[in-house]
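The values are calculated or read from the model by the stated rules, or taken from the named source; none is laboratory data. Values in this document were obtained by computation on a predicted structure and should not be read as measured data. Don't worry about glycine lacking a Cβ; one is built from the backbone with ideal geometry, like all the others, and counts go over all protein chains shown.
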Amino acid sequence: MPFLIFLLSVVAIYFILPHRWRWMLLLAASYFFYGYWKIEYLGLILLSTVVDFFAAQFIASTDDHLKKKIGLSISLFTNLGLLVLFKYSGWFMTDVLHPISAISDSQLNGFQNFWNFALPVGISFYTFQTLGYSIDVYYGRAIPEKNPFKFALFVSFFPQLVAGPIERFSHLHKQLFKEQKFNYTFLQQGGRMILYGLFIKMCVADNISHVVDQIFEQQNEASALQLVLGALLFGIQIYSDFHGYSLIAIGTSRLLGIELMDNFNAPYTATSIREFWSKWHISLSTWFRDYLFIPLGGSRVSRLKLTTNILIVFIVSGLWHGANWTFVAWGAIHGCSYLMERWFISKDTAPWLKFPRWIATMSIVFIAWVFFRSESIEMAANYITNAVSSESTGIHLEWQAVSISFIGIFLLSDIHFKNRSIHSWLNEQGAIIRWSVYAFLIFSISCFAGITNHPFIYFQF
């Protein structure tokens, strides 16, 4: 409710204000939105903004290649340094220093308390967004913004600040300062995306989250079938949770006339790991492609170097998600599977092979999700072992029948909306169908939303 009041107020004032003042409203609203989580977080985003603003100015002001590298290095060192300090230092102390007795238990506990308090929401997202800007300026793909406050808006734009999509400067910046006239289509498109995003988050993800938690927390008592079910449900939970957030972010931005990039395109229809990553978290996968894989040499290198580059990208992608060996394993599973496909499986697939390849791809994806969800490598290995060999009779699951219907509706609609949006589909329908869909979504959210309010999973990244 507080966010709804905030959003409606911002949208109303935005279109009332003259064009020249609107970006200032968005900047103030974005800093208020981020500071609402913890006022202390503002210091870090300000530091990243200031450093990258002046680093980009310095890079663009000189033709000296060495000086350009120095400017880029300052940006890289600051952004990645903050990311490592606040996101990975606790993991390093717990998993490296503490086992070799380099620090005491009391020192570790004290640092962990600080680390848990200080970890800024969305630091991985806005760090990559502003870092991409510095790299684009270095390679001449972007002209630096001369107004520091306008640049600050690009870094902190509230709809996509805490969990993406990770936007490129060339795509978002020009839209933030373009004069937008009030248009009912903006409200219609944005409202539809927000409504559908709320449905898949609150009615699908939140309704199955407690079942997932129950299975993973009692994995030694659960039956093999229940463990398989738990892995499948978590895959659906994390997808509906993150896809729901992305739709809400895209819809919120669209209310203001600003279009963010799509982040998902029915990833569970993929028949290869390569295709999966072209459909899952698209803004991140393309970021790694453009700012890590290509600078490492891309595909125009030796077979050994290409293999190394691909593994680096996937393992770094895993680490980006969190400071735990389980995320490294998750990335490595995808990376190794990607390489197996690249080197040993033909891209040309006969029609009769599509279904077996889909089964194989989804098996890899959902097994990898077990590592993503588990607290340790040992727990993930134990989960998978029990899923194959458990002789337990199982546990009692607190399951609501309506959840099955919502999962089915979501998965079928996801396939139906492949390569299109719910907004474009609704535009093709008559008034009766459109308003029936609205009524169903509103009724479902009002009556069947998850009992417990679960934070978006990707807020922790």
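Quick notes on this structure:
- Residues of region 145-160 classified as among the basic types (Lys, Arg), surrounded by 16 or more Cβ atoms within 10 Å (Cβ to Cβ) and over 21 Å from residue 7 (Cα atoms), total: 0
- So residue 140, is it touching a Leu at 6+ places or on another chain (Cβ under 9 Å) and not polar (S, T, N, Q): no
- Residue check for residue 150: more than 21 Å from residue 136 (Cα to Cα) and not aliphatic (A, V, I, L, M): no
- Flag for residue 212 being part of a helix (DSSP H, G or I), at pLDDT 90 or above and assigned by TED's automatic domain parsing to the domain that holds residue 242: yes
- Going through (1) under 20 Å from residue 365 (Cα atoms); (2) crowded, with 20+ Cβ neighbours inside 10 Å; (3) of a type outside the set (S, T, N, Q) one by one, residue 287 falls short only on (1).
- Selection count, region 215-242, where residues are part of a helix (DSSP H, G or I) and over 26 Å from residue 445 (Cβ atoms): 8
- Residue 229 being farther than 25 Å from residue 167 by Cβ, of a type in the set (A, V, I, L, M, F, W, C) and either surrounded by fewer than 24 Cβ atoms within 10 Å (Cβ to Cβ) or touching a Lys or Arg at 6+ places or on another chain (Cβ under 8 Å) (or both): yes
- Pair list, Cβ under 6 Å, 6 or more apart: region 174-187 residue free of Cβ contacts under 8 Å to residues at least 24 places away in the same chain and not assigned by TED's automatic domain parsing to the domain that holds residue 133, other residue part of a loop (DSSP other than H, G, I, E, B) and among the charged types (D, E, K, R): none
- Residues of region 7-38 classified as more than 19 Å from residue 151 (Cα to Cα) and within 23 Å of the chain's Cα centre (by Cα), total: 4
- Taken over region 370-389, residues that are buried (at least 19 other Cβ atoms within 10 Å of the Cβ) and in a helix (DSSP H, G or I) amount to 8.
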